[in-house]
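The values are calculated or read from the model by the stated rules, or taken from the named source; none is laboratory data. Everything quoted here is computed from the prediction, not taken from an experiment. Cβ: placed from backbone, ideal geometry, glycine included. Neighbour counts: every protein chain shown.
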Amino acid sequence: MSARPRGIAMVLSNFHAPLGGTQKQALRLGRELAARGLAVTVVSKRHPTFKPERGGYLKDFPLDELRGLGLASLPTSAARPVWSFLGALLLWAWRHRRGLDVLHAHNVPVGIVCCLVGSLLGKRVVVKVPAWEFVEYLRGRALGRRLRRWVIRARADRVVAVNAEIAEALAGLGIPRERIALIPNGIELPPADPAVDAPALRRALLGDPGLGVVLFVGRLVAEKSLDRLLGAWAALPERDRHRLVLVGDGPLRADLETLAERLGLGTSVLFVGHQRDVAPFYALADVFVLPSRTEGLSNALLEAMVAGLPVVVSDITGNRQLVDEDCGVLVGWEDTAGWVDALARLLGDGALRRKLGEAARQRVRAFAIGEVATRYLGLYEALTAGRAR
């Protein structure tokens, strides 16, 4: 017998523009659960742009993203961010204890805080591990890291891994396998074939609708291996007939722009920065690339496949969960020649692009947020019925 949870808190370390993959996943899951009648509140640290007089929302935040969800933005101290967040979350959860059943943390540091609050208040705790970096956060012999592992092992009711590699690593860290759940990230499926004038979009952005477009969407950070992507682009035959468009921002942007200049890439590479609405970029692209060294389960890859794009991605576990030779190309992230070959082949073969893109669109349906939410709801119901361990 299951017990429908009364309320779910989606707990994040931050929740403000620009939204990253973790925040997008929390929103997608929360909205789907709210549509099924659950009371869902997004809980995060307060950002400086928080203005109570605006009804508790954030400056520049797209308010329609919160449809159906509550938002609690908790004040914290910059001098003691962890302890102040722990205290603020404990106070908020105590005030809402009668309608709250589950604290769902969307990364491991937040999960440790939720474990402590859940233990004090008798609330169930779900900790999501969305990327490999959070496995590394738990590893090591230092006292602090051993304490982190102990809290997760002893106090988390479920630990959710987004891919099998992360699940195995968590088991290797001593987390009981029966408390590890393998649930992927989810994607919202758009209405069937929305009308998009891709040539007009290309003309507006590139000046020439006939150029081939290769798209990357994500943070400009070391683990994305964008330096190697630029090296491959430099070796691409006839690259002046194409454009590599990089959507996103990050600490390596200036270094990558300098590298592109040093490689003589000129106007064939466009850094367009963070974009609130990335849908037009998927619509104008011919090929999507993701050359990461590590990934959990990439939101951008899910979005590209939903848009019907053929994908060229690094041959790592998180990507292999989505991509095989039927819907894309897997290349070793260090294999520059392999990247050049894959890009040249796809840019030169429209029929192959269409075939792989349609297969990608069909493949990603298994990751629809409705399916993912059903699995989470079953997990919550099991926990609130007392079958946590």
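Here are the numbers for the structure shown:
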item: Residue 60 more than 21 Å from residue 108 (Cα to Cα), in a loop (DSSP other than H, G, I, E, B), more than 15 Å from the chain's Cα centre (by Cα) and at pLDDT below 90; result: yes
item: Of all residues making up region 123-133, the number that are modelled with pLDDT of 95 or more and surrounded by fewer than 24 Cβ atoms within 10 Å (Cβ to Cβ); result: 2
item: Search result, residues across region 249-272 that are on the phi > 0 side of the Ramachandran plot and modelled with pLDDT of 95 or more; result: 264
item: Residue check, residue 5 at pLDDT below 90, surrounded by fewer than 19 Cβ atoms within 10 Å (Cβ to Cβ) and assigned to a loop (DSSP other than H, G, I, E, B); result: no
item: Pairs where the first residue, in region 19-35, is over 17 Å from residue 375 (Cβ atoms) and modelled with pLDDT under 90 and the second is of a type in the set (S, T, N, Q) and in a helix (DSSP H, G or I), C-beta under 8 Å, 6+ apart; result: 21/299; 24/299
item: Single condition residue 332 does not satisfy, out of (1) at pLDDT below 95; (2) buried (at least 21 other Cβ atoms within 10 Å of the Cβ); result: (2)
item: Answer residue from region 212-235, given it is part of a helix (DSSP H, G or I) and of a type outside the set (Gly, Ala, Ser) and is farthest from residue 340 (Cα to Cα) among those; result: 223
item: Pair list, Cβ under 6 Å, 6 or more apart: region 233-253 residue touching a residue at least 12 places away in the same chain (Cβ under 8 Å), other residue among the aromatic types (Phe, Trp, Tyr) and assigned to a strand (DSSP E or B); result: 246/216; 246/271
item: Qualifying residues in region 312-321 (those that are crowded, with 24+ Cβ neighbours inside 10 Å and in contact with a helix residue (DSSP H, G or I) (Cβ under 6 Å, 6 or more places away or on another chain)) - the one farthest from residue 133 (Cα to Cα); result: 312
item: Enumeration of residues in region 266-304 that are farther than 21 Å from residue 238 by Cα and assigned to a helix (DSSP H, G or I); result: 279, 280, 281, 282, 283, 299, 300, 301, 302, 303, 304
item: Helices (runs of 4 or more DSSP H) lying entirely in region 96-187 (those with 2 or more residues that are closer than 29 Å to residue 300 by Cα and in contact with a strand residue (DSSP E or B) (Cβ under 7 Å, 6 or more places away or on another chain)); result: 108-121, 164-172
item: In region 102-127, the residues that are touching a residue at least 40 places away in the same chain (Cβ under 8 Å) and under 18 Å from residue 164 (Cα atoms); result: 106, 107, 108, 126
item: Selected residue [in the same structural domain as residue 308 (by TED's automatic domain parsing), crowded, with 18+ Cβ neighbours inside 10 Å and out of contact with any Phe, Trp or Tyr (no Cβ under 8 Å at 6 or more places or on another chain)] from 202, 158; result: 202
item: Meets criteria (surrounded by fewer than 20 Cβ atoms within 10 Å (Cβ to Cβ), basic (Lys, Arg) and modelled with pLDDT under 95) for residue 354; result: no
item: Criterion violated by residue 305 - all others in (1) aliphatic (A, V, I, L, M); (2) out of contact with any Leu (no Cβ under 9 Å at 6 or more places or on another chain); (3) under 14 Å from residue 215 (Cα atoms) satisfied; result: (2)
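Residue by residue, here is whether (1) in contact with a strand residue (DSSP E or B) (Cβ under 9 Å, 6 or more places away or on another chain); (2) in contact (Cβ under 8 Å) with a residue 60 or more places away in the chain holds:
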site	(1), (2)
319	yes, no
327	yes, no
362	no, no
371	no, yes
